[in-house]
Structure formats: C-alpha cells, structure tokens
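We did not get these values from a lab; they are worked out from the coordinates using the rules stated. None of the values given here were measured: they were computed from a predicted structure. Here the Cβ positions follow ideal geometry from the backbone for every residue, glycine too, while neighbour counts run over all protein chains shown.
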Amino acid sequence: MSITVDDQPVEAQQLGVRTVGELLARIADDNRLVVSLMVDGMRPQADALEDLRAQPLEGRVVYIETTEPHEIAGEVIDEARKLLFEAETLRGQAVEHLQNDRPAEAFKRLAVCFRTWGWTRESIEKLALLLRIDLEQVRLDEQTLADWLIAFTQQLEEIRQSLEARDYTRLSDVLAYEADATNTRWQEALDAIESTLRPPH
C-alpha cells in the first residue's frame, strides 16, 4: 500500500483509515479539497467513484492532490467578476437594440447574459456550501443574500415572460431599470462571499 497526498507519503494506520472513502473524508475534515485522485495509476470515472470509496486501501497505490477551498473560491469569484462585467455591457447593448426595434440582436446578447447570471448564481450557491456559509446570514443592505437570490430568480422569470409574450417594451423597461442594479447586486454578493475568505484581524 502506498498513499501520497500533495507529494507527501501518508500512513493509513496513523490516520486511522482503511478505505478510499475514509481517506477522502479525513482529507475533507482537514479542510482540504481533492482536485486530483489516482488509484493504481488510473483516474476514476465520476460514475465509479461511489464504488471506489468502499474499496480497501490495502494493496493499492493512491495519489491525491488537494487545495484549500478558499483558493478555488477566489478563482471562481475572479472569473465571475470578469463575466459579469461583460454581461453588463451586453445588457446595455440589448436595451439599445430593443429600443431601436432590433430584437434579434438583443436576444443574442441576452442569451450570454442569461448564461452568465445563471452560472454566477449557481457558483455562489456552491461556494456557500463549500465554505459552509449560511446565505441567510449574509446581508446586502436591507436583505439577505438568500433573499436577493430569490428576488433575482423572480426578475429572470419576468424577463422570460416578456420574451415569450414578445412584449419588447416591457422587456426593455425591465432590462433598463429593474435589471440596472443587478450588476451592482452581483458585485455586492461576490464581495460578501469574498470577505469570508479573508483571515480575521
């Protein structure tokens, strides 16, 4: 049996683990996130991971690379900021195209906005789980981050309804006025998540 974690040999007996799953759980308890796993020189497929967890470590060669959740969170936040900046530009262009009766051009830009907003919302929710953050406890002015995510979902639904009804005047108004503050709110949400990554003074 040979176990290597972040290029350091590890004794399973010292950790008190006997299976692959117990080893992965112990790493998680140490607030490390597994980013690469090889067992007997092979990277397991995602659909085989559950079965692998039950396998004993005895007789196996296991190689693991980890990172701190905060490091991945920082990378995700940086990417979200970049994408949101681009989406904000596209939102403005979509409003302009709608006001000039060019809905097809507006839809192209809105498609990118929808992907970015959806990805950012999902990323924030996943980061909260990863970092054990209660979104009900994170405040953005007078509302919690959890409440704002719900409000944002409702705003997206209003945009979708306008699209389905081909009510481009309403759509333009929602994008120009109601969604105008969306980018600012996203930045505040990311700031709130990022603030949890900083060590306490």
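Under a 5 Å amide H to amide H cut-off, with H placed in plane at 1.01 Å, what residues pair with Arg32 once short-range neighbours are removed?
Amide H neighbours of Arg32: none.
Compute the relative contact order of the stretch 2-67 as a whole-number percentage, counting only Cα pairs closer than 8 Å that sit 6 or more residues apart in sequence.
47
Mind pulling the angle between the C-alpha long axis of helix 69-99 and the longest principal axis of the chain? Nearest 10 degrees, somewhere in 0 to 90.
Helix 69-99 sits at roughly 20 degrees to that axis.
Rounded to the nearest 10 degrees, what's the angle between the helix 182-195 long axis and the longest principal axis of the chain, both from Cα atoms, 0 to 90?
The angle comes out at about 20 degrees.
Just to be sure I understand: of the beta bridges DSSP finds with both ends in the stretch 2-67, what percent are antiparallel, rounded to 5?
Working: 11 of 15 bridges.
Of all bridge pairs located within the stretch 2-67, approximately 75 percent are antiparallel.
Charges only on Cβ, +1 for Lys and Arg, -1 for Asp and Glu: so what's the dipole of the chain about the Cα centre, in debye to the nearest 20?
360
Calculate how steeply helix 20-29 sits against the longest principal axis of the alpha-carbon atoms of the chain, using the helix alpha-carbon long axis, and give the answer as 0 to 90 degrees to the nearest 10.
60
Report the FRET efficiency, 1/(1 + (r/R0)^6), for Ala146 and Glu178, where r is their Cβ-Cβ distance and R0 is 22 Å, rounded to 0.05.
So, using R0 = 22 Å, E works out to roughly 0.65.
Can you give me the relative contact order of the stretch 92-201 as a percent, contacts being Cα pairs under 8 Å and 6 or more apart?
Averaging sequence separation for qualifying contacts and normalising by length gives 27 percent for the stretch 92-201.
Glu68 versus Glu164, label points 7 Å from Cα toward the beta carbon: distance in nm?
Result: 4.6 nm between the two label points.
Restricting to the chain, what percent of DSSP beta bridges are antiparallel, rounded to 5?
So the antiparallel bridges in the chain amount to around 75 percent.
Hand me the GluC sites (Glu not before Pro) from the stretch 1-88 located in a DSSP loop with no more than 13 other Cβ atoms within 10 Å, in residue order please.
Values: sites: Glu11, Glu22, Glu50, Glu58, Glu65, Glu71, Glu75, Glu79, Glu86, Glu88; in loops: Glu11, Glu58.
Within the stretch 1-88, the qualifying GluC sites (Glu not before Pro) (loop, at most 13 other Cβ atoms within 10 Å) are Glu11, Glu58.
Specify which labelled value, from [x] 16.7; [y] 19.9; [z] 18.0, agrees with Kirkwood radius over Cα pairs in Å derived from the coordinates of the model shown.
The listed entry that was calculated here is [y].
In percent, what relative contact order does the chain have, based on Cα pairs under 8 Å that are 6 or more apart in sequence?
18
Checking the a/c ratio against 1.5 first, then a/b against b/c, what shape does the Cα gyration tensor give for the stretch 2-67? Intermediate values should be presented prior to the final figure.
Working: a/c = 1.28, a/b = 1.14, b/c = 1.12.
Taking the square roots of the gyration eigenvalues as a ≥ b ≥ c, the stretch 2-67 is rounded.
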